[in-house]
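Each value in this text was obtained by applying a stated rule to the coordinates, not by laboratory testing. From a predicted model like this one, the values you see are computed outputs, not experimental measurements. Here the Cβ positions follow ideal geometry from the backbone for every residue, glycine too, while neighbour counts run over all protein chains shown.
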There are 2 protein chains.
Amino acid sequence: MTGTVPTKITIEAAHALVKPFIHHTPIATSSFLNDHCEAELFFKCENLQKIGAFKARGGLNAVLSLSEEQLKNGVTTHSSGNHAQAIAFAAAKVGAKCYIVMPDNSPRVKISAVEGYGAEITFCKNTPEERQRTVDEIIANTGATFIHPFNNYEVIAGQATASKELIDDVGVALDVIIAPVGGGGLLSGTALSAQYFSPGTKVYAGEPEGAADAVLSFRSDKIEKAPYINTIADGLLTYLGDKTFPIIKAGVTDILTVSDEEIIQAMRYLWERMKLVVEPSGAVSLAAVLKNKEVFKGKKVGIIISGGNVDLGKLPF
Amino acid sequence: MTGTVPTKITIEAAHALVKPFIHHTPIATSSFLNDHCEAELFFKCENLQKIGAFKARGGLNAVLSLSEEQLKNGVTTHSSGNHAQAIAFAAAKVGAKCYIVMPDNSPRVKISAVEGYGAEITFCKNTPEERQRTVDEIIANTGATFIHPFNNYEVIAGQATASKELIDDVGVALDVIIAPVGGGGLLSGTALSAQYFSPGTKVYAGEPEGAADAVLSFRSDKIEKAPYINTIADGLLTYLGDKTFPIIKAGVTDILTVSDEEIIQAMRYLWERMKLVVEPSGAVSLAAVLKNKEVFKGKKVGIIISGGNVDLGKLPF
């Protein structure tokens, strides 16, 4: 594992490493949404990625970057969401043991998905302390390598490959790329890829009002927690890390917040107009564009649709 | 308009004609479904097509094939579904007047979609006689050209471009392509494209048990109506036409019927596993593959997902 911010060459290497295992996801467009926003929108469909989210990229790059010696002892992480699936998926690809710590109230569908990749699940109480204690115990017993969901340079380099592909494929010079922000793995990767592969492109982020830590941190110039957590975008609840924050601070133009109502409206457009199953977190970037038309008017805008893992029995419309 | 079965050159010309106006839809794959079926499946995502269905192709080719003289008087059709949108969309692209006859009980969402393309809607009672009478009246008053939803060689040539693209893009020799069958526009186009562009590829069809006219016609060698109509796949209710039936009879290996329950299960896989919004008719091909694993085992199978126009408020799961 490297201890430095991913370089252009690191990200190119990450792309070469993960390519054989991921979907080269398509870029979708919508005349309706272009007209509606008076802009040209290019949607990078990471909801169509393996495991249903961009996290497959970072998880794979982190696992594939480990030495044979490290892989022998397996990998571990705590997550109830897409990162758990990503690490389980990546470990299965290289035949490594995988230990996932999940809160004991995790939805059955998420447990099954992780089990489906052959990972060993340990349940614990749903507190940060319990999760960490359980992971520490696993590491002590097995020697497994812990892979953080975002505060890890291999993970960041992996997530960066999504916007690298977007830039490579889109065929126009993008004025802007916008990505959602939770812990900042995707956003920091997006900022790096824009800087290296499309230097004229500005990077924005969309963030739920009900988990507005990144915008606060961005303004105050230090990592802050959200004043309150209350949002449908359950993939974006965490706060930034000491590896993601400086990259975001240096490479992101602005962070735009959106309400749950605005997220659901954006989701509805993506489902009804573009026929894409997108989870609330995945619709946050479009919601931010719809809310701030004056910022994006007349521009060529890359929009990262981050994931599509949503319970069909609990749709907000 | 031509009076003969589309040739290889006709379909290539149709593709060149419609290309600037359509989405070049992606081919999606799913390791889960490959494992589940013990086959290699390649999904042509026509749910991501303009207007949300392959019908944009046939509608465009038919409208773009008209003379300037004909276009001056506009185009007309009767449909409450995707064909209405396709013709309205195509007419808007060439700036022609468009008269759509819709049953007076059509869902509001479908009416809005057609209105959105600037078409003039005439409502009538929902009987075949009334629809035909209303269209005849429009033709008498305006001189508009009637474009049949499937029994029209330009429409067939347009629909054929979907599997032409699939064959061009897939990068392997397909053993089979499977498409849903209603009136047979898509299926006859698929049969022709396979014959011309991938002669080793067999063509199958999926059909709902609750609208099983095509399988009957295929067996008895004459056009038959369904013994009863009762299916969730509302895009596949019509029976074959005298232009589509002979092409299907000559070029299709078999027609496989599926129950609504099987259609809904296939839909669920497409939504949950592949993150694609697919309408019931669009899931019929996959349902047929899932039901007949022994037919497709070990094969490379192209599956046409025909459309994604579904009311999010009325999902079957």
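What is the Cα coordinate range of chain B on the first, second and third principal axes, sorted by size from largest, in whole angstrom?
Answer, in whole Å and largest first: 57, 41, 38 Å.
Using alpha carbon centroids, what distance separates the range A:213-247 and the range A:257-285, in Å?
Here the answer is 21 Å between Cα centres.
Hey, what D do you get for the range B:56-146 in µm²/s if you plug the Kirkwood alpha-carbon radius into Stokes-Einstein at 25 °C and 0.890 mPa s?
Taking Rh from Cα pairs, D becomes 193 µm²/s.
Is it possible to state the helix-based mean residue ellipticity at 222 nm for chain B, with each DSSP H run of 4+ residues giving -39500 (n - 2.57), the sum divided by total residues, to the nearest 500 deg cm²/dmol? What is it?
For chain B, the value works out to -13000 deg cm²/dmol.
To one decimal in nm, how far is A:Gln132 from the same spot in the other copies, if labels go 7 Å from Cα toward Cβ? Please give the shortest first.
7.7
Kindly identify the range B:133-229 as rounded, prolate or oblate by the Cα gyration tensor criterion: order the square roots of the eigenvalues as a ≥ b ≥ c, call it rounded if a/c is under 1.5, otherwise compare a/b with b/c, prolate if a/b is larger, else oblate.
It is oblate, given that a/c is not under 1.5 and a/b is not larger than b/c.
Would you tally the net charge around A:Asp35, using a Cβ to Cβ cut-off of less than 14 Å, leaving A:Asp35 out, and scoring K and R as +1, D and E as -1? Kindly include the intermediate steps, with their values, before the conclusion.
Details: positive: A:Arg273, A:Lys293, A:Lys297, B:Lys50; negative: A:Glu38, A:Glu40.
Once positives and negatives cancel, what remains is +2.
With 10 angstrom as the radius, rank B:Arg219, B:Arg268 by how many other C-beta atoms surround their C-beta, starting from the fewest.
B:Arg219, B:Arg268
Could you pull the copy-to-copy label distances for A:Asp254, with points set 7 Å along Cα to Cβ, in nm to one decimal and sorted shortest first?
6.1
Would you mind telling me the antiparallel percentage of the DSSP bridges in chain A, rounded to 5?
If we restrict to bridges inside chain A, about 10 percent are antiparallel.
Below 10 angstrom from the Cβ of B:Thr231, what's the summed charge of the other residues (Lys, Arg +1; Asp, Glu -1)? List each step's numbers first, then the result.
Details: positive: none; negative: B:Glu207, B:Glu209, B:Asp234, B:Asp260.
Taking every Cβ under 10 Å from that of B:Thr231, the sum is -4.
Output the antiparallel fraction of DSSP beta bridges having both residues in the protein assembly as shown, as a percent to the nearest 5.
Approximately 10 percent, going by the DSSP bridge assignments.
Between beta-carbons, use under 14 Å as the cut-off and find the net charge around A:Ala62, counting Lys and Arg +1, Asp and Glu -1.
That works out to +3.
Provide an ascending nm list, one decimal, of label-point separations from B:Lys19 to the equivalent residue in each further copy; define each label point as 7 Å from Cα along Cα→Cβ.
The answer, with the shortest distance listed first, is 2.6 nm.
Kindly put B:Ser31, B:Ser220, B:Ser306 in sequence by how many other C-beta atoms sit within 10 Å of each C-beta, fewest to most.
By the 10 Å Cβ count, ascending, the order reads B:Ser220, B:Ser31, B:Ser306.
Tell me, what HN-Hα J-couplings in whole Hz come from the Karplus equation 6.51 cos²θ - 1.76 cosθ + 1.60 at θ = phi - 60° for each residue of the range B:260-277, using x for Gly and Pro?
Running phi through 6.51 cos²θ - 1.76 cosθ + 1.60 with θ = phi - 60° gives 4, 4, 5, 5, 5, 4, 5, 4, 4, 4, 5, 6, 6, 8, 10, 6, 10, 7 Hz.
Is any residue of the range A:134-161 close enough, with backbone N under 12 Å, to a label point placed 7 angstrom from the Cα of A:Thr122 along the Cα-Cβ axis, and if so, which?
Residues A:134-146 fall inside that zone.
Could you quickly flag the chain A residue whose beta carbon comes closest to the rotation axis taking A to B, and that distance in whole angstrom?
It is A:Pro26, 2, counting Cβ atoms only.
Among B:Phe89, A:Phe197, rank each residue by its count of other Cβ atoms within 10 Å, from fewest to most, as a rough exposure measure.
A:Phe197, B:Phe89
Once you sort the root eigenvalues of the Cα gyration tensor of the range A:221-317 as a ≥ b ≥ c, which label holds: rounded (a/c under 1.5), prolate (a/b larger than b/c) or oblate (the other case)?
Note, shape of the range A:221-317 comes out oblate.
Once you put a point 7 Å from the Cα of A:Phe146 and another 7 Å from the Cα of B:Ala173, both along the Cβ direction, what distance in nm separates them?
Going from the A:Phe146 label point to the B:Ala173 one covers 5.4 nm.
Are there trypsin sites (Lys or Arg not before Pro) in the range A:61-146 that DSSP puts in a loop and that have at most 11 other Cβ atoms within 10 Å, and which ones? Intermediate results must be reported in sequence, preceding the final value.
Details: sites: A:Lys72, A:Lys93, A:Lys97, A:Arg108, A:Lys110, A:Lys125, A:Arg131, A:Arg133; in loops: A:Lys97, A:Lys125.
Hits after loop and neighbour filter: nothing returned.
List the aspartates and glutamates whose Cα sits under 20 Å from the Cα of B:Lys299, skipping any in the same chain fewer than 8 residues away.
Partners found: B:Asp35, B:Glu38, B:Glu40, B:Glu165, B:Asp168, B:Asp169, B:Asp175, B:Asp254.
With bins 20 Å wide starting at 0, give me the P(r) of the protein assembly as shown over every alpha carbon pair, in whole percents.
19, 49, 27, 4, 0
Using 0.36 nm per residue of separation minus the Cα-Cα distance, give me the extension gain between A:Ala250 and A:Phe32 in nm, one decimal.
75.1 nm
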